[in-house]
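The values are calculated or read from the model by the stated rules, or taken from the named source; none is laboratory data. Given the structure is predicted, the values throughout are model-derived calculations rather than measurements. What goes into the accessible areas is simple: the full protein's heavy atoms, side chains included, and nothing from ligands, DNA or RNA. Shrake-Rupley method; radii C 1.70, N 1.55, O 1.52, S 1.80 Å.
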Amino acid sequence: MSIEYLDRKSYRNKYDEELIKEFKNKYGDFYLIPEGGSNHLAIKGCAEIIPTIDIKFDFICSASGTGGTLAGLIFGLNSKSFALGFSVLKGGEFLNQNIPKSFIVLSKRKSK
């Protein structure tokens, strides 16, 4: 693994195509792990947690940073259980948009 230091300006543009192209030129083909580790694969992985729980439950709770874990837990639940997320970040209102968007991304990938 290589860790690349980014100044603040570059970090704000961490998903910019030019910056990613620069990294590909420098390191070759690589897998970019998004901030917080949240992407469609992480969400699918978190959905797989639910079937491993061998006790009956009504609620499952999770701390939420980017919302990926919570989105995955919700995705894995049956309709009789609920998930509660507790934002660990100041100004976590963005989770209200991030989590529903995760389902749209998963649905599109599932239909392919």
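Report the residue, chosen from Lys101, Lys44, Lys24, that carries the largest GNM mean-square fluctuation when the chain is represented by alpha-carbon nodes joined by springs under 10 Å.
Lys24
Check the straight Cα-Cα distances from Lys101 and name the lysines below 26 Å, setting aside those fewer than 8 residues away within the same chain.
Hits, sequence-local ones excluded: Lys14, Lys44, Lys80, Lys90, Lys110, Lys112.
Suppose only helical runs count, i.e. DSSP H with n ≥ 4. What mean residue ellipticity at 222 nm does that imply for the chain under -39500 (n - 2.57) per run, divided by all residues and rounded to the nearest 500 deg cm²/dmol?
Calculated from helices alone, the mean residue ellipticity at 222 nm is -12500 deg cm²/dmol.
Quick one: compute the contact order of the stretch 1-91, relative version, from alpha carbon pairs under 8 angstrom and 6+ residues apart, as a percent.
25 percent.
Taking the solvent-accessible surface of protein heavy atoms with a 1.4 Å probe, what is the per residue accessible area of the chain in Å²?
Per residue, the chain has 78 Å² of solvent-accessible surface.
Could you please state how large a percent of the accessible area of the chain is carbon and sulfur, counting protein chains only and using a 1.4 Å probe?
Carbon plus sulfur share of accessible area: 56 percent.
Which residue, Leu73, Leu41, Leu95, has the most motion in a Gaussian network model of the chain that connects Cα atoms within less than 10 Å?
For the chain, modelled as a Gaussian network with Cα springs under 10 Å, the answer is Leu41.
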